[in-house]
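Have a look at the structure below before the remarks.
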């Protein structure tokens, strides 16, 4: 067994960053390289496994150029960076190198997202001049809060992505896979403060800084999150940060999975309760919602004894929340494109859909609450996952059927009625719907970016 360590100068990470910066900085037209994400903040996760350092965090780099690189050069630069990283012996599925290429002239006009705030406030320059002053400043006055809320359903996707098929089947995992699962389960919840703190006027960069701000603020969403989670969310988040840092196999991954689903859903529920007009609200009162779930008032739970959710109210709460989100999507999320790149990508998708659905069908998809349907499908996918782990096959099947409808509405030109029937094996069925969720996530959250589905699909194998 390996020994989990915090990344220090004894690990090869500094050397890797130096090699990457050297490769990128010598490319004609490149002005500078800036590291962002957990590695820039010193919050990356990793462990020594069988004598080699294995990273459970990715390397995210902003590559600043003089002018726009043509697509072939961008692809070649990405390929060479990946080829360099391939020599580092990384076997963790959580590790990869991401390059974001931007012209220097665009730094002042980067979108007012959390990403831009962290790039400026917590990024680290690896090569070239210090470009921090040229990056757009983002604060509470200009932060795009709809984009920030989307972090919650994006984390629901990454949580689904983190679950190994062998673990779902009850098979033992190798050491590296077990460590990766533990880190993946702990990591997703850490963005709960990222998404919710701006709702009370707090903006901070980094996991530790956001948790400190959470504890200092005594936030109004904490009581609802405690109900969903069944414990103090601030204590739970501290535990997630420590589990991610240690990178050790989880003592109870099933409980860790349940906790991550509960807090991310609880965050969405708080947003929904606050933004839904009172006269249109479904049972949003927390006591009524819990009572309805316990009584079996859900859309996906079956009516027989096995389907009665009284044994696990969380399943019913997930289903009720999923039913509410599409109607609230335009209030909560950016259903319309907010950057020039998004507008172009959305227009391209609409044109493609017009060929299969006709102009009217493409128009309906464009106006639909795509992100609300995606969030609903992911909630029901996780409800199915929890039911599957509890041995409740009928509930899992019912949730998967409902999830497929949500995901089809998000995707636009795919229908479960026209798709092959799900496999008879319960785990195979869950994995098949996860793939459908990935396809919907690619279309809605990644805007159908060419090549990104290929990379995403490869991670699901």
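Where a number appears in this text, it was derived from the coordinates with a stated rule and is not lab data. Everything quoted here is computed from the prediction, not taken from an experiment. Every residue, glycine as well, gets a Cβ built from its backbone with ideal geometry; the counts of neighbours run over all protein chains shown.
A few points about this structure:
- Peptide ranges 321-327, 165-171 listed from the most packed, as the mean C-beta count within 10 angstrom indicates: 321-327, 165-171
- Helix 233-246 and the longest principal axis of the Cα set of the chain meet at an angle near 50°.
- Sorted by Cβ density within 10 Å, fewest first, the residues 114, 200: 200, 114
- Descending by average beta-carbon neighbour count within 10 Å, the peptides 250-261, 347-358, 421-432 line up as 250-261, 421-432, 347-358, the highest first.
- Value of [θ]222 nm, deg cm²/dmol, for the chain, DSSP H segments ≥ 4, -39500 (n - 2.57) each, nearest 500: -18500 deg cm²/dmol
- Inverse mean reciprocal Cα-Cα distance (Kirkwood Rh) of the chain, Å: 23.0
- Against the chain, whose longest principal axis comes from its Cα atoms, helix 340-367 is set at around 40 degrees.
- In summary, the stretch 137-246 shows an alpha-carbon radius of gyration equal to 1.18 times the 2.2 N^0.38 Å reference for compact globular proteins.
- Crossing angle, helix 13-25 versus the chain [Cα axis fit, 0-90 degrees, rounded to tens]: 70
- Normalised by the number of residues in the chain, the average gap of Cα pairs under 8 Å and 6 or more apart makes the relative contact order 12 percent.
- Relative contact order (%) - the stretch 333-423, alpha-carbon pairs under 8 angstrom, separation at least six: 27
- Extended-chain gain in nm, criterion 0.36 nm per residue less alpha-carbon gap, residue 364 and residue 75: 100.6 nm
- Extension gain, residue 103 to residue 446, is 121.4 nm, computed as 0.36 nm per intervening residue step minus the present C-alpha separation.
- Its residue count N fixes a reference of 2.2 N^0.38 Å for the stretch 3-134, and the Cα radius of gyration divided by that reference is 1.06.
- Exposure proxy ranking for 342, 436, based on other Cβ atoms within 10 angstrom of each Cβ and starting from the fewest, stands as 342, 436.
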